[in-house]
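Worksheet: the structure to be examined is printed underneath.
Readers should treat all values here as calculations from the given coordinates under stated rules, not as data from a laboratory. Source: prediction; values computed, not measured. FYI the Cβ positions are ideal-geometry reconstructions off the backbone, even for glycines, and counts take in every protein chain you see.
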Amino acid sequence: MSIEQPPPKDARPKKSKSTGFLSGLREFTVIVIAALALSAFVRVFLVQAFYVPSESMENTLMPNDRIVASKITTHFGGISRGEVVVFRDPGGWLGAPEPGPTGVRGVIHNAMTFIGLLPSDSGNDLVKRAIGIAGDHVVCCDAQQRIVLNGVSLSESYVVAPTNQLQFDITVPADSIFVMGDNRGNSRDSRYHLEENSGGVPVDNVVGRAFVVVWPLKRFTTLPIPEIFGNPALDKSSAASAK
């Protein structure tokens with residue numbers, strides 16, 4: 001005759017509620033720290049969000065738009081004609097930035113911006129379109145008031161035409177780009193800084209290529225390079241002028 005054995009007792013000591021809470025809190029803290037570190041890594045090396053403060057890129061970009069710029073594509077692929085780029089002020093392009101939040105609020109704001117939870121609004125960044133790259137010959141303008149790039153007139157359908165054009169004729173210096181706002185009558189861009197590096201922005205100042213508008217949601221859109229910059233004649237003319 002068999003005798004039924006009682007179920008074995010759990011030899012493991014039971015955790016108290018307080019011990020379980022602390023263990024869960026530690027795990028949650030590690031996850032949050034890891035997520036913040038990953039977010040900061042993405043912001044510093046891959047992509048970064050920016051705030052558009054002015055009308056200089058209308059109607060492509062509107063004031064208060066939030067855009068995302070790719071740093072990795074610029075780092076490995078360089079800068080192409082027609083890209084919308086974010087760059088640091090080369091010096092004297094911007095006035096004194098407006099003071100940001102101070103105290104505890106300022107610390108929190110700066111920390112959230114650093115890790116990428118808020119778009120950058122440092123007041124030291126600009127967003128324009130790269131019209132010419134190193135070696136390009138850029139002239140304003142032809143008889144139809146179009147920019148002439150390496151002898152090719154650009155039909156820029158995205159541009160808000162100005163009431164008057166600032167005349168210039170320059171060759172983009174080495175390791176630089178020539179930038180202009182799409183709202184040509186309301187953009188203090190390379191045209192207004194010709195006395196310094198022929199208006200060129202050093203490539204080292206370029207933070208990245210803006211590739212998408214993410215906010216407001218109703219304006220969610222990508223920022224492709226306009227087809228006119230894919231014209232092979234631009235490269236041929238550029239190579240010819242460099243000889």
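Okay, here's what the table says:
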quantity	calculated
Ordering of 206-215, 74-83, 135-144 by packing [mean C-beta count within 10 Å, highest first]	206-215, 74-83, 135-144
Val214 long-range amide H proximity, modeled H, under 5 Å	Arg66, Ile67, Val68
Net charge, Ile33 excluded, C-beta distance under 13 Å - Lys, Arg +1, Asp, Glu -1	0
Total formal charge among the other residues, if their Cβ is under 15 angstrom from that of Val201, Lys/Arg +1 and Asp/Glu -1	-2
Neighbour net charge for Gly92 - beta-carbon separation under 12 angstrom, K R +1, D E -1	-2
